[in-house]
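Undergrad: Supplied in structure tokens, the structure appears directly below.
A short reminder: the numbers here are calculations on the coordinates, not readings from a lab. In this text the structure is predicted, and so the values were computed from the model without any measurement. As a convention, Cβ positions derive from the backbone with ideal geometry for all residues, glycine included, and neighbour counts pool all protein chains shown.
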Amino acid sequence: MNIDRCIKTRRSIRKFLDKRISDEKIADILDSARYAPSAGNIQNWKFIIVRNKKTIEKLANLCADQVWVETATVLIVVCNDQSEVKRMYKKRAELFSTQNCAAAIQNILLKANSLGIASCWVGVYNGDRVKAELKVPVELKIDAIIPLGYAAREQEPVKRIDLENLVFFEEWGQKEKD
Ligand SMILES: Cc1cc2nc3c(=O)[nH]c(=O)nc-3n(C[C@H](O)[C@H](O)[C@H](O)COP(=O)(O)O)c2cc1C
């Protein structure tokens, strides 16, 4: 799939079929995450693959009222290990460590889409309880939970803000090229 198509056909999907995703595809998806840029090339991400149905249900219950998460066949839990980023970037560590993980997350979403696998970036959950459930060391942060699966239905694209309302030329507020 070419990159433009991959970016523009990705959707947040919130209902999945009961159909297994192969280990090879999951490995491929995670391999793409490794290639994301990161400040100082620190690569402060770790990924927990959750396939166990009971664990998926428990984690779904920690995502506020997002019961649909239960329908995922795999969850990728993205863990942010800030230790090295803090050592190297001090005040900027919070921002950089989060941005690094966000870049990895986007690679995951796009690679999944290229393989015909649907996903959603979930940011609403009880991080402390997710860590306890998965035995993640307390000093790490959970930066996302990504439910994956084969889409149970088509999803129309959500509205995007027009480029003309997002872009300035040369300085803030200047809408004309000259
Ligand atoms: C940081 C972040 C947190 C998000 N958290 C949630 C979430 O908890 N639950 C959810 O259903 N979608 C969540 N989303 C997905 C957005 O709702 C979705 O990307 C947005 O509506 C645009 O739709 P699209 O992804 O289909 O283009 C999150 C997205 C981001 C980037």
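Undergrad: Counting only other residues whose beta carbon sits under 15 Å from that of Gln99, what net charge do I get with K and R as +1, D and E as -1? Mind dumping the intermediate values first?
TA: On the way: positive: Lys86, Lys91, Arg92, Lys141; negative: Asp81, Glu84, Glu94, Asp143.
Once positives and negatives cancel, what remains is 0.
Undergrad: Pop the C-beta distance of Glu171 and Arg20 into the FRET formula with R0 = 35 Å and round what comes out to the nearest 0.05.
TA: 0.10
Undergrad: Same structure again: For the chain, calculate the relative contact order in percent as a whole number, restricting contacts to Cα pairs under 8 Å that are 6 or more residues apart.
TA: On the way: 289 pairs, mean separation 56.3, N = 178.
Once normalised by length, the contact order is 32 percent.
Undergrad: If we sort 86-93, 71-78 on the protection proxy, mean other Cβ atoms within 10 Å, highest first, what's the order? All intermediate terms of the calculation are to be shown ahead of the outcome.
TA: Working: 86-93: 13.4, 71-78: 22.2.
Packing order, densest peptide first, comes out as 71-78, 86-93.
Undergrad: Which entries in the list Lys19/Lys159; Lys19/Lys111; Lys19/Lys54; Lys54/Lys131; Lys86/Lys131; Lys53/Lys131 go over 24 Å, if you measure between the two C-alpha atoms of each?
TA: In this structure, Lys19/Lys159 lie more than 24 Å apart at Cα.
Undergrad: Between segment 127-150 and segment 38-116, how many Å separate their Cα centres?
TA: Computed from Cα coordinates, the inter-centre distance equals 8 Å.
Undergrad: Rounding to the nearest 20 debye, state how big the charge dipole of segment 13-127 is about its Cα centre with +1 on each Lys and Arg Cβ and -1 on each Asp and Glu Cβ. Walk me through the intermediate numbers first.
TA: Working: 17 positive and 11 negative charges, 41 e Å.
Using Cβ point charges on Lys, Arg, Asp and Glu, segment 13-127 gives about 200 debye.
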